[in-house]
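These notes concern the structure reproduced below.
The values are calculated or read from the model by the stated rules, or taken from the named source; none is laboratory data. All values derive from a computational prediction rather than experimental measurement. Cβ sites come from the backbone with ideal geometry, for glycine too, and all protein chains shown count toward neighbours.
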Amino acid sequence: MTQNSQSGIIIKRNDGFCRQTTLGQYYGLGSETRGTNTYIPDPYGIEVGNPTEIPKGYVEKWFMNIHVIDTRGVEDRMGCIDCRCDLYNVTKDENGKALNLNYKGGLQCCHDNTKCKLRKGFLGPKKRIYLKYTIMWIDWDINFMVPAKIYIFDVTGTLKISDKSKGMSLNHDCKVSEISK
């Protein structure tokens, strides 16, 4: 868990090496998981809502982050899905901070109210979209279920083995994959 001291919010993050601030995702699907099988077979399950893991004075809440990209009539569909900055004409993040000149694409380029570059002359009709979802759960039974932890790996990070110990350092140089042209 990572705590934001200013907001009083503790965010549960994945159990991988890059869990502090780099890979905040706990469990989810997006373009980064294209084709990934997310089925979790019996008797395994992802445990959430364990009262013994919630710090005193806190209440557990869940949130869902929906990221919708309209690709109708765009010049480069995959470039838009991958949030390439040049296709969004974005040079600042959603807080107005200038992006690093080496940053070619990622979530900082397609934040709220940004639009991907359209083919010349394309005028698509306005479209309303709706989301319908189903959440399923079962009551946890320690006799029949095995808890599975969520690990999200970052292949761009580098592993450094400490000369002063026999093991690996838990402080990895984790980075987030960025698009390069």
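For segment 94-101, state whether one or more residues are in a helix (DSSP H, G or I), outside the structural domain of residue 10 (by TED's automatic domain parsing) and not charged (D, E, K, R).
Filtering segment 94-101 down to residues in a helix (DSSP H, G or I) leaves none.
No; the residues of segment 94-101 include none that is in a helix (DSSP H, G or I), outside the structural domain of residue 10 (by TED's automatic domain parsing) and not charged (D, E, K, R).
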### Positions within segment 129-181 being at pLDDT 80 or above and surrounded by 10 or more Cβ atoms within 10 Å (Cβ to Cβ), in sequence order
144, 145, 146, 147, 148
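Modelled with pLDDT of 90 or more and under 30 Å from residue 9 (Cβ atoms), is that true of residue 99?
Details: modelled with pLDDT of 90 or more: yes; under 30 Å from residue 9 (Cβ atoms): yes.
Spelling it out, residue 99 is indeed modelled with pLDDT of 90 or more and under 30 Å from residue 9 (Cβ atoms).
Which of the residues that make up segment 103-152 are within 17 Å of residue 50 (Cβ to Cβ), in contact with a strand residue (DSSP E or B) (Cβ under 7 Å, 6 or more places away or on another chain) and hydrophobic (A, V, I, L, M, F, W, C)?
145, 146, 148
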### Query
Cβ-Cβ below 9 Å, separation at least six or inter-chain, first residue in segment 69-93 and within 15 Å of residue 118 (Cβ to Cβ) and assigned by TED's automatic domain parsing to the domain that holds residue 107, second buried (at least 19 other Cβ atoms within 10 Å of the Cβ) and of a type in the set (Val, Ile, Thr): which pairs?
80/74; 87/74
#### Entry: Given (1) surrounded by 11 or more Cβ atoms within 10 Å (Cβ to Cβ); (2) aromatic (Phe, Trp, Tyr); (3) under 24 Å from residue 10 (Cα atoms), number of the condition residue 62 does not satisfy
(1)
## Note on the structure
A careful count of residues in segment 87-128 that are within 17 Å of residue 69 (Cα to Cα), of a type in the set (A, V, I, L, M) and surrounded by fewer than 11 Cβ atoms within 10 Å (Cβ to Cβ) gives 1
